[in-house]
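Working notes, structure below.
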Amino acid sequence: MTITIPEELSAKLAALTGEERKRRIKEELADGEYAATIHESILEALAEAELANRFTEEEDRTDMIAAINEGLADIESGRTVSLEEELARWEIMKAELLARSRK
Amino acid sequence: MSNAAEDAEKPVIYAVRFSERAKRDADFVTVYLADAVTEQLAVKWRAGLNKSVGTLSLFPHRNAIIAEGLLFSVPVRDLLYRRTNESKTYRILYHIVENSEDGPQVTLIHVRLAERPPITAEEAREIEAQQ
């Protein structure tokens, strides 16, 4: 995805990292000056890029294998819930998230 | 047509379940996106994930066993989930049991961000051309 943003803003963003970058982008969005050119998908791309960069490729593989073994142990021990139970739990979580967003 | 013949043509419906680990993984990404982006986007992401997971009740064998499959005692498959074309891809790893006490089941094992997105049509053509 390529998005053209004003040079001045690009320079500001390049100087920031991580949480500070996200905070500044949110501020810019809230201020509205660049609201037409920056939107949610940029924040999502930044957030997911950070998530993806947590591990090196080898660490990612090791982490995935450990996580799969943990999930399989859950199944073996009966620590599972049905999709219907999970969707009911999600409805409660969703209501909490949306209530938080309105504050 | 006899009832037996009709039954034979009906697709098998798999009950879908979440392991504790898979629940925690889905919650982690949801809360992360809510904090890092917006609560609304997190809700959209999770709703899409739930919808994708729901599709596993039919034909769960359509997805391949993962490359690391030999490391585990049972076959592990993955379903790829991407909220939009611009979003990153997540792997929904799952296991199928045909004859559980409660009938055919699919259980989610783990949800994680894919290290590498699925190949594009152009990349597929390049691979084909090399063969």
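Checked against (1) in a loop (DSSP other than H, G, I, E, B); (2) in contact (Cβ under 8 Å) with a residue 60 or more places away in the chain, B:Leu49 meets all criteria but (1).
Residues are listed down the side, and each one gets a yes or a no for (1) in contact with a strand residue (DSSP E or B) (Cβ under 6 Å, 6 or more places away or on another chain); (2) among the aromatic types (Phe, Trp, Tyr); (3) at the interface with chain A (Cβ under 9 Å from one of its Cβ atoms):
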position: B:Phe18; (1), (2), (3): yes, yes, yes
position: B:Asp27; (1), (2), (3): no, no, yes
position: B:Tyr32; (1), (2), (3): no, yes, yes
position: B:Arg46; (1), (2), (3): no, no, yes
position: B:Asn63; (1), (2), (3): yes, no, no
position: B:Glu68; (1), (2), (3): no, no, yes
position: B:Pro75; (1), (2), (3): yes, no, no
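Out of all the residues in segment A:88-103, which are surrounded by 16 or more Cβ atoms within 10 Å (Cβ to Cβ) and under 23 Å from B:Ser57 (Cα atoms)? Walk me through how you get there before you give the answer.
Applying the first criterion (surrounded by 16 or more Cβ atoms within 10 Å (Cβ to Cβ)) to segment A:88-103 yields A:90, A:93-94, A:97.
A:Trp90, the sole residue that qualifies.
Here is the figure for segment A:74-103: residues that are more than 8 Å from chain B (Cβ to nearest Cβ) and among the aliphatic types (A, V, I, L, M) total 4. Close Cβ contacts (under 6 Å, 6 or more residues apart or on different chains) running from residues in segment A:74-103 that are more than 28 Å from B:Val37 (Cβ to Cβ) to residues that are not β-branched (Val, Ile, Thr) comprise A:Asp74/B:Ser19; A:Asp74/B:Glu20; A:Asp74/B:Arg21; A:Ile75/B:Ser19; A:Arg79/B:Glu20; A:Thr80/B:Arg17; A:Thr80/B:Ser19; A:Ser82/B:Arg17.
Consider B:Leu56 against the criteria (1) modelled with pLDDT of 95 or more; (2) over 20 Å from B:Glu98 (Cα atoms); (3) part of a helix (DSSP H, G or I): it satisfies all of them except one. Which criterion is unmet? Against the list (1) modelled with pLDDT of 95 or more; (2) over 20 Å from B:Glu98 (Cα atoms); (3) part of a helix (DSSP H, G or I), B:Leu56 comes up short only on (2).
Residues checked against (1) among the aliphatic types (A, V, I, L, M); (2) farther than 19 Å from A:Trp90 by Cα; (3) free of Cβ contacts under 8 Å to residues at least 60 places away in the same chain:
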position	(1), (2), (3)
B:Ala15	yes, no, no
B:Val29	yes, no, no
B:Leu41	yes, no, yes
B:Ile65	yes, yes, yes
B:Leu70	yes, yes, yes
B:Pro75	no, yes, yes
B:Tyr81	no, no, yes
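A:Thr80 falls short on exactly one of the conditions (1) at pLDDT below 75; (2) over 21 Å from the mean Cα position of the chain (by Cα), and that condition is (1). For segment B:82-105, a residue qualifies if it is more than 9 Å from every other protein chain (Cβ to nearest Cβ), surrounded by fewer than 21 Cβ atoms within 10 Å (Cβ to Cβ) and touching a Ser or Thr at 6+ places or on another chain (Cβ under 7 Å), and exactly one does: B:Arg82. Looking at (1) of a type in the set (Val, Ile, Thr); (2) in contact with a Leu (Cβ under 9 Å, 6 or more places away or on another chain); (3) not in a loop (DSSP other than H, G, I, E, B), which is the one condition that is false for B:Val74? Among (1) of a type in the set (Val, Ile, Thr); (2) in contact with a Leu (Cβ under 9 Å, 6 or more places away or on another chain); (3) not in a loop (DSSP other than H, G, I, E, B), B:Val74 violates only (3).
All conditions in (1) surrounded by fewer than 17 Cβ atoms within 10 Å (Cβ to Cβ); (2) touching a strand residue (DSSP E or B) at 6+ places or on another chain (Cβ under 6 Å); (3) over 23 Å from B:Asp35 (Cα atoms) hold for A:Ala52, with the sole exception of (3). Does B:Arg46 fit the bill of being under 15 Å from the mean Cα position of the chain (by Cα), exposed (fewer than 13 other Cβ atoms within 10 Å of the Cβ) and closer than 17 Å to B:Arg91 by Cα? Considered against the rule, which asks whether it is under 15 Å from the mean Cα position of the chain (by Cα), exposed (fewer than 13 other Cβ atoms within 10 Å of the Cβ) and closer than 17 Å to B:Arg91 by Cα, B:Arg46 comes out as no. The residue of segment A:56-70 that is modelled with the lowest pLDDT, among those that are at the interface with another protein chain (Cβ under 8 Å from one of its Cβ atoms) and under 15 Å from B:Ser19 (Cβ atoms), is A:Met64.
The values are calculated or read from the model by the stated rules, or taken from the named source; none is laboratory data. Keep in mind the model is a prediction, meaning the values are calculated, not measured. Ideal geometry is used to build each Cβ from the backbone, glycine not excepted, and the neighbour counts take in all protein chains shown.
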